[in-house]
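Here is the structure we will look at.
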Amino acid sequence: MQLPSRFIHSLRGLPGFDEAAFIDLHHSEAQVTSVRINPCKISEIPFTRGHTSVPWSRYGHYLSPRPSFTFDPLFHAGCYYVQEASSMFLEQALQQGADLSRPLKVLDLCAAPGGKTTHIQSLLPANSLLVSNEVIRSRTAVLKDNVIKWGAHNVAVTNNDPADFSVLPGFFDVIIVDAPCSGSGLFRRDPEAIGEWSEGSVELCSRRQQRILADVLPALKEGGTLVYSTCSYSKEEDEYILKWLAEAMDLEGIELATDPRWGIVPVKEGTAFGYRFWPHRLEGEGFFMGAFRKKAVTGKPERYRPVNKTLSGKETVALSRWILMEGLRFVAFGGRIYSWPEALYESFDLLAQKMKVLYSGVLTGELIRNKLIPDHALALSGLLPGQVIRAGLSRETAIRYLQRKEIDPEGLQTGWQVAAFAGQPLGWMNVLPNRINNYYPKELRILKERAPDE
Ligand code: SAM
């Protein structure tokens, strides 16, 4: 791995940079694997071999050796997310920089593929709203799949430009901008990205980061929290942006307490505070984060007028067999029924009117002549009532199910049911006397054949 000399030169003088250790690490084969568990689905890490905690996240764990995630049904059930450890520091920014004792409205502006979104979802108090936005349309599919897999009910996935959020002035309590960046922090994982690095691209990213932040800031409430992060080491994308946020955007820096044993390097830039993660100082990739409070707000809050209609009594009755209905309201969009938490109805409705919403709440299914065809998202949502049949599959059969291969119906009850592994729903199937119709989504199926050691 050859790191460009101009890149190394640009890092000299940054606090915590140790040139020899940094270069050695990039020449070594060492890789760090970490996952974050989904507290809505499991309470303990489902790996028996070698795991240790990520010190700055209660849900994060390092794994050694790296297991095969593809052939673990619990991965597909959304029991954990494979995420780089440094990024889990977001947990500290939210815990220390926001008031998690009351419901919040949160925007994750640059959200695909969903690492931070699923993490935020696990940290938010009940009745909070999470808007998970991704401007690049082709990247929204994976984001939506991950939100569904996580089993969240309180997330709206949107496909908007940062500037579009200005129609919601002062709407959000917290905005997270995990900005597109020059990506140097991930060189160890993705050596091909090294070839794309240049001082010009750092400059370009820095200007784009400012534009994104300036565009979205009107949507932050007075007293609200902004969290900014990159996976770049460059000061133009890190310290300079903090300084600009404090001075030009008039934000107040929030200092976060860190344990010196964690190896994170705190930096102070004027009145702003930043936290840099060097892979030669801790177990994680290169990362940078800063948190701010907004002092004042401009623009009037949005007035809400209801638009979307909920279902009729008869239609709602048809759903009761399939979903735990308490605290939910049901809305139809083009024949598809979405379940929205009652407490978020107004926010979801407002978003549906103002933004390009691709997904919200839980896609429950399609109603055809007052009968529900349940959707995959419902199976993973944790909202299934007791009367829905759950077929407990062995690991081997669960993998076959996830590959959409034939499964022997022998010993299974007939009818529509959830295919489950270790009590965790994977998706729907219809068991007929002599065959099984597998409703696991084609686009999610495991394509790989299993190697003998996996
Ligand atoms: N937060 C994500 C996670 O934890 O999984 C990773 C986000 S990645 C660092 C940055 C994201 O910003 C990408 O998904 C990219 O498509 C998006 N992006 C690119 N250009 C953008 C722009 N001009 N405005 C907003 N987002 C942009």
Exclusive hit being touching a helix residue (DSSP H, G or I) at 6+ places or on another chain (Cβ under 6 Å), in a loop (DSSP other than H, G, I, E, B) and at pLDDT 95 or above, set 113, 180: 113
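One line per residue, one yes/no per condition, for (1) out of contact with any Leu (no Cβ under 8 Å at 6 or more places or on another chain); (2) surrounded by fewer than 20 Cβ atoms within 10 Å (Cβ to Cβ):
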residue	(1), (2)
339	no, no
359	yes, no
381	yes, no
384	no, yes
389	yes, yes
398	no, no
404	yes, yes
Evaluation of residue 280 against (1) part of a strand (DSSP E or B); (2) surrounded by fewer than 21 Cβ atoms within 10 Å (Cβ to Cβ) (one fails), failing number: (1)
Residue, farthest from residue 60 (Cα to Cα), within segment 8-34, restricted to residues that are modelled with pLDDT of 95 or more and hydroxyl-bearing (Ser, Thr, Tyr): 10
Flag for residue 48 being farther than 19 Å from residue 150 by Cα, without any contact (Cβ under 8 Å) to a residue 60 or more places away in the chain, in a loop (DSSP other than H, G, I, E, B) and polar (S, T, N, Q): yes
Within segment 99-120, tally of residues that are more than 20 Å from residue 230 (Cα to Cα) and not acidic (Asp, Glu): 6
Condition check for residue 87: surrounded by 20 or more Cβ atoms within 10 Å (Cβ to Cβ), under 16 Å from residue 344 (Cβ atoms) and either among the polar types (S, T, N, Q) or near the ligand (Cβ under 9 Å from one of its atoms) (or both): no
Given (1) under 28 Å from residue 415 (Cβ atoms); (2) basic (Lys, Arg); (3) not in a helix (DSSP H, G or I), number of the condition residue 303 does not satisfy: (1)
Residue list for segment 404-429, restricted to those being assigned to a strand (DSSP E or B), farther than 14 Å from residue 444 by Cβ, hydrophobic (A, V, I, L, M, F, W, C) and in contact with a Gly (Cβ under 9 Å, 6 or more places away or on another chain): 418, 420, 421
Cross-chain or 6+ apart pairs with Cβ under 6 Å, segment 194-220 first and farther than 24 Å from residue 293 by Cβ and without any contact (Cβ under 8 Å) to a residue 60 or more places away in the chain, then within 15 Å of the ligand (Cβ to nearest atom) and in a loop (DSSP other than H, G, I, E, B): 201/182; 205/181; 205/182; 205/237
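I'd like to verify a number: residues in segment 125-140 that are within 12 Å of the ligand (Cβ to nearest atom) and either in contact with an Asp or Glu (Cβ under 7 Å, 6 or more places away or on another chain) or farther than 16 Å from residue 179 by Cα (or both), how many?
The number of residues fulfilling the criteria is 6.
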Members of segment 236-263 that are assigned to a helix (DSSP H, G or I), in contact with a helix residue (DSSP H, G or I) (Cβ under 8 Å, 6 or more places away or on another chain) and over 23 Å from residue 12 (Cβ atoms): 245
Residue match in segment 297-320 (condition: of a type outside the set (Ser, Thr, Tyr), modelled with pLDDT of 95 or more and surrounded by 14 or more Cβ atoms within 10 Å (Cβ to Cβ)): no
Segment 194-203 - residue that is part of a helix (DSSP H, G or I), of a type outside the set (Asp, Glu) and exposed (fewer than 14 other Cβ atoms within 10 Å of the Cβ) and, of those, nearest to the ligand (Cβ to nearest atom): 200
Subset of segment 240-275 [over 21 Å from residue 174 (Cα atoms) and either within 16 Å of the ligand (Cβ to nearest atom) or acidic (Asp, Glu) (or both)]: 259, 269
Residue under evaluation residue 387, criteria (1) within 28 Å of residue 155 (Cβ to Cβ); (2) not aromatic (Phe, Trp, Tyr); (3) not in a loop (DSSP other than H, G, I, E, B), criterion not met: (3)
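The values are calculated or read from the model by the stated rules, or taken from the named source; none is laboratory data. As the structure is a prediction and not an experimental result, all values here were calculated from the model. Virtual Cβ from ideal backbone geometry, glycine too; neighbours counted across all protein chains shown.
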